[in-house]
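In what follows, a single structure is set out as structure tokens and then discussed.
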């Protein structure tokens, strides 16, 4: 079977991360999410905590940025004062995603992986967007949260706004635009097992020539 990477972008509360983990288990491959930060830390020598802090900083700043820093693949060298900048921390995570794609098939959750890997040769890239109506996402989160429904709604809207801004900043594209993806899965209408089966069937079609 040829190498493939399945990328998962997801709305908060839609269960996209769960779908990604289930897919990886079914296909016998790794699922990478925040593990990418640890691998990028190992690769760069930059403390992993700085990668986590950068994520938090971006949550507080990206929503108000008018500028973009569309990812181009360039790594800033250690002798630069921008070596540990947020942009370079993203660059190192992207570098890890690319290097992994050259040696293994995997599932990637978030990290703008669909954009980072779009020009990688010799892999089949399957780009998935998992979403659901707001009320459904509130219902899902309510089952595992102590927040009331209004607080959950505000948290979901804030989180998705951040994800959209993060994606726009590094890709120049709109995060929730269906044109960015091969499949868009609504988890109000499809349960997780059905989502996994749909992606598996689509993967079979895409890999037909490599089986």
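The values are calculated or read from the model by the stated rules, or taken from the named source; none is laboratory data. What you see is a predicted model, and the numbers here were worked out from it, not measured in a lab. Backbone-built Cβ (ideal geometry, glycine too); neighbour counts: all protein chains shown.
Looking only at residues of the range 1-25 that are surrounded by 23 or more Cβ atoms within 10 Å (Cβ to Cβ) and out of contact with any helix residue (DSSP H, G or I) (no Cβ under 7 Å at 6 or more places or on another chain), we find that the one that is nearest to residue 151 (Cα to Cα) is 16. Here residue 49 meets the list (1) within 28 Å of residue 192 (Cα to Cα); (2) modelled with pLDDT under 95 almost entirely, failing just condition (1).
Out of the residues in the range 28-46 that are touching a residue at least 60 places away in the same chain (Cβ under 8 Å) and either in contact with a strand residue (DSSP E or B) (Cβ under 7 Å, 6 or more places away or on another chain) or more than 20 Å from residue 96 (Cβ to Cβ) (or both), state the one that is surrounded by the most Cβ atoms within 10 Å (Cβ to Cβ). The selected residue is 32.
Which ones in the range 5-43 are more than 13 Å from the chain's Cα centre (by Cα), modelled with pLDDT under 95 and not in a helix (DSSP H, G or I)? Selection gives nothing.
Does the range 146-153 include one or more residues that are modelled with pLDDT of 95 or more, under 13 Å from residue 8 (Cβ atoms) and touching a helix residue (DSSP H, G or I) at 6+ places or on another chain (Cβ under 9 Å)? No, there is no match, as no residue in the range 146-153 is modelled with pLDDT of 95 or more, under 13 Å from residue 8 (Cβ atoms) and touching a helix residue (DSSP H, G or I) at 6+ places or on another chain (Cβ under 9 Å). Residue 90 falls short on exactly one of the conditions (1) modelled with pLDDT of 90 or more; (2) assigned to a helix (DSSP H, G or I); (3) within 13 Å of the chain's Cα centre (by Cα), and that condition is (1). Applying the criterion of at least 2 residues that are surrounded by 15 or more Cβ atoms within 10 Å (Cβ to Cβ), in contact (Cβ under 8 Å) with a residue 24 or more places away in the chain and within 19 Å of the chain's Cα centre (by Cα) to the helices (runs of 4 or more DSSP H) found wholly in the range 106-211 leaves 113-116, 149-171, 192-206.
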